[in-house]
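Everything below concerns the one structure shown next.
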Amino acid sequence: MDKNRIPQHIAIIMDGNGRWAKEQGRERTYGHQAGVETVRRITSECVRLGVKYLTLYTFSTENWNRPSDEIAALMGLVLTSLEDEIFMKNDVAFQVIGDVERLPQAVQEKLKGTIERTSANKSMTLVVALSYSSRWELTNATKQIAQKIKNGEMATEDITEDVISQHLTTSFMPDPELLIRTGGEIRVSNYLLWQIAYSELYFCDTYWPAFMENDLHKAIEDYQSRQRRFGKTGEQVEKDIETTK
């Protein structure tokens with residue numbers, strides 16, 4: 001692994017908790033609990049490697065359709081897992097993206113308190129996507145822009161890619177260079193659709209509770225083996241690299 005080419009923003013779809021638990025002969029909630037330990041482990045490793053933003057897909061808007069007991073267990077895990085130790089020990093700030101107003105009031109208060117207490121931390125920002133989906137986010141951004149046009153604060157001609165990005169919930173951070181999905185599925189599940197336009201995608205069969213530091217390293221090494229062209233030819237990219245040396 002090239003320590004000088006660590007992606008500054010890694011996004012992860014943490015999939016496979018329930019299937020992992022089933023293979024252990026346990027309830028799905030056991031898998032979610034084990035997944036929290038993986039979050040702690042991977043957060044610490046990302047800080048050590050020098051990652052600046054780690055965004056975790058924790059609960060989608062579609063997940064509201066799951067059984068009520070599983071939703072309640074997940075919300076309870078949110079409350080218990082936001083411990084100051086993981087943030088203060090690693091100098092990690094906390095942020096959340098998503099339709100937070102749909103969450104239980106106790107969860108909303110816990111999220112707000114954690115954001116405030118960790119706001120001065122500088123090593124990395126851990127971003128949790130809760131009650132999140134890209135279609136919700138893009139719809140919400142469109143409404144905001146439309147309202148500004150209606151109020152005379154903006155003209156239709158003012159709408160650019162940058163303007164749209166500024167109205168997304170992720171406006172405070174750069175787009176992810178690397179998207180990892182665990183659990184064997186090969187899809188992005190309505191996650192950061194605008195932001196991952198040029199992200200490198202990495203899929204692995206390992207369930208999230210079993211995802212270890214070496215699995216993260218493999219994903220980063222795979223990312224580093226690729227040539228990111230952004231529409232250019234390979235020759236142009238190589239020339240740009242030589243120019244910057």
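The table for this structure:
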{"read-out": "Extreme residue, modelled with the highest pLDDT, among residues of region 1-20 that are surrounded by fewer than 18 Cβ atoms within 10 Å (Cβ to Cβ) and under 22 Å from K122 (Cα atoms)", "value": "Q8"}
{"read-out": "Of all residues in region 183-202 being outside any strand (DSSP E or B) and among the hydrophobic types (A, V, I, L, M, F, W, C), the one that is farthest from L216 (Cα to Cα)", "value": "W194"}
{"read-out": "Leading residue by the ranking (most open to solvent (accessible area, probe 1.4 Å)) among those in region 136-182 that are more than 27 Å from Q8 (Cα to Cα) and assigned to a loop (DSSP other than H, G, I, E, B)", "value": "E153"}
{"read-out": "Filter result (within 20 Å of E185 (Cβ to Cβ) and part of a loop (DSSP other than H, G, I, E, B)) within region 50-66", "value": "R66"}
{"read-out": "Pairs where the first residue, in region 169-195, is free of Cβ contacts under 8 Å to residues at least 12 places away in the same chain and the second is open to solvent by less than 70 Å² (accessible area, probe 1.4 Å) and part of a loop (DSSP other than H, G, I, E, B), C-beta under 8 Å, 6+ apart", "value": "none"}
{"read-out": "Leading residue by the ranking (farthest from V127 (Cα to Cα)) among those in region 21-59 that are buried (at least 18 other Cβ atoms within 10 Å of the Cβ), touching a residue at least 24 places away in the same chain (Cβ under 8 Å) and of a type in the set (S, T, Y)", "value": "T29"}
{"read-out": "The lone exception for S133 - which of (1) under 24 Å from Y30 (Cα atoms); (2) open to solvent by less than 40 Å² (accessible area, probe 1.4 Å) it fails", "value": "(1)"}
{"read-out": "Residues of region 21-49 satisfying the condition of being basic (K, R), part of a helix (DSSP H, G or I) and modelled with pLDDT of 90 or more", "value": "K22, R40, R41, R48"}
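The values are calculated or read from the model by the stated rules, or taken from the named source; none is laboratory data. Given the structure is predicted, the values throughout are model-derived calculations rather than measurements. Here the Cβ is made from the backbone with ideal geometry for all residues, glycine too, and neighbour counts use every protein chain on show. For accessibility, only protein heavy atoms count, side chains too; no ligands or nucleic acids. Shrake-Rupley method; radii C 1.70, N 1.55, O 1.52, S 1.80 Å.
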